[in-house]
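The values are calculated or read from the model by the stated rules, or taken from the named source; none is laboratory data. What you see is a predicted model, and the numbers here were worked out from it, not measured in a lab. Glycine also receives a Cβ, built like all others from the backbone with ideal geometry; neighbour counts cover every protein chain displayed.
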């Protein structure tokens, strides 16, 4: 990014933040805030604000490239880590395109659609399996490649190892052959469902039962008979494997275990896309379109850029394949192309 483009981006970010009146941060006075500045390495950390107006004023006067807050609550959030006095932390789950198999070969919209499927599986596990009340859940689009799910109140006092047990449940690790739950959970219902499906193939009398079993399990049957399969543990082993793959959610595990994690602030801009970090009501998760609903209203005018490297843009239902050269685009699309290193401002 050249100097003119850097100035262009910073002016747009400042324009956006001047219109923001509040950020979706609960108990802001107990949180550590952290900021990445334009043109500087590292982050400004260990800052705190007594109330939301003070934070809003700071952001307007110190336009950040990235903007985070702590999942943890502290007595003295502005102090060094050893002196903050930890008082609990939200449990945060992060689902990102990096965790989706084959995401590097997907288009941006397809990748985001795959990530949303993982999000929905996570929400099902939290609500249906772990009985987390919807009033304790908050879903946030990260502004780039995924979603964050914040769980408030009920897990606040858990230490990292206790959070690891929840992560093991969400990831399906708790039902692998070397790590089993000591009491029956809803994973057992899922395993039973898969086992019944596999046993139905065996009982069907279908001449192609071996091919169907192999297609379901990804495991060669070879010379095993139906009797062999029923006695060998083949069904149970594969039912666990299939259930884990089908119903678990691919989360960034270290994020959920960390009791001091910094997470992107809802209402801020993502510094690598120019899109908003958006809080999504649970009932609107299915309908949420990240490539339309996260576009800032203040970026709806047009801007001129010189494309330096071809890039695909998919926003608000419109798809564009940009080649090198001059083009006029909606400002949000122009900003995205610049931040991705594929364009420079034509100013």
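Answer yes or no: is there a residue in the stretch 158-171 that is under 30 Å from residue 315 (Cβ atoms) and touching a residue at least 40 places away in the same chain (Cβ under 8 Å).
From the stretch 158-171, those under 30 Å from residue 315 (Cβ atoms) are none; that's our starting set.
Within the stretch 158-171 (the criterion being under 30 Å from residue 315 (Cβ atoms) and touching a residue at least 40 places away in the same chain (Cβ under 8 Å)), the answer is no, since none of the residues qualifies.
Taking the stretch 8-43, which residues are without any contact (Cβ under 8 Å) to a residue 24 or more places away in the chain and within 25 Å of residue 296 (Cα to Cα)?
Passing the criteria: 11, 40.
Of all residues in the stretch 72-85, which are in contact with a helix residue (DSSP H, G or I) (Cβ under 9 Å, 6 or more places away or on another chain), assigned to a loop (DSSP other than H, G, I, E, B) and buried (at least 20 other Cβ atoms within 10 Å of the Cβ)? Lay out the reasoning, then the answer.
Narrowing the stretch 72-85 to residues in contact with a helix residue (DSSP H, G or I) (Cβ under 9 Å, 6 or more places away or on another chain): 72-77.
Cutting the leftovers down to assigned to a loop (DSSP other than H, G, I, E, B) gives us 75-77.
Hit for the stretch 72-85 is 77, nothing else.
Counting only residues that are without any contact (Cβ under 8 Å) to a residue 60 or more places away in the chain and under 18 Å from the mean Cα position of the chain (by Cα), which one in the stretch 125-146 is farthest from residue 262 (Cα to Cα)?
127
Rundown of residues vs (1) in the same structural domain as residue 267 (by TED's automatic domain parsing); (2) farther than 24 Å from residue 258 by Cβ; (3) in contact with a strand residue (DSSP E or B) (Cβ under 8 Å, 6 or more places away or on another chain), yes/no style:
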{"residue": "25", "(1), (2), (3)": "yes, no, yes"}
{"residue": "29", "(1), (2), (3)": "yes, no, no"}
{"residue": "35", "(1), (2), (3)": "yes, no, yes"}
{"residue": "51", "(1), (2), (3)": "yes, yes, no"}
{"residue": "56", "(1), (2), (3)": "yes, yes, no"}
{"residue": "60", "(1), (2), (3)": "yes, yes, no"}
{"residue": "67", "(1), (2), (3)": "yes, no, yes"}
{"residue": "71", "(1), (2), (3)": "yes, no, yes"}
{"residue": "74", "(1), (2), (3)": "yes, no, yes"}
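Looking at the stretch 97-114 only, could you name the residues that are touching a helix residue (DSSP H, G or I) at 6+ places or on another chain (Cβ under 7 Å) and closer than 20 Å to residue 68 by Cβ?
97
Return the pairs, sorted by first residue and then second, in which the second residue is assigned to a helix (DSSP H, G or I), the first residue lies in the stretch 189-205 and is loosely packed, with under 12 Cβ neighbours inside 10 Å, the beta carbons are less than 6 Å apart, and the residues are 6+ apart or on different chains.
Sorted first by the residue in the stretch 189-205, then by its partner, the list stays empty.
Could we say that residue 335 is surrounded by 18 or more Cβ atoms within 10 Å (Cβ to Cβ), under 28 Å from the mean Cα position of the chain (by Cα), modelled with pLDDT under 95 and outside the structural domain of residue 135 (by TED's automatic domain parsing) here?
Considered against the rule, which asks whether it is surrounded by 18 or more Cβ atoms within 10 Å (Cβ to Cβ), under 28 Å from the mean Cα position of the chain (by Cα), modelled with pLDDT under 95 and outside the structural domain of residue 135 (by TED's automatic domain parsing), residue 335 comes out as no.
Can you pull out the helices (runs of 4 or more DSSP H) entirely within the stretch 218-301 that have at least 1 residues that are free of Cβ contacts under 8 Å to residues at least 60 places away in the same chain and farther than 30 Å from residue 343 by Cα?
Passing ranges, in order: 226-232, 234-247, 253-257.
Being out of contact with any strand residue (DSSP E or B) (no Cβ under 6 Å at 6 or more places or on another chain), outside any helix (DSSP H, G or I) and closer than 30 Å to residue 311 by Cβ is the filter here; which residues of the stretch 86-139 pass it?
Passing the criteria: 100, 101, 102, 106, 107.
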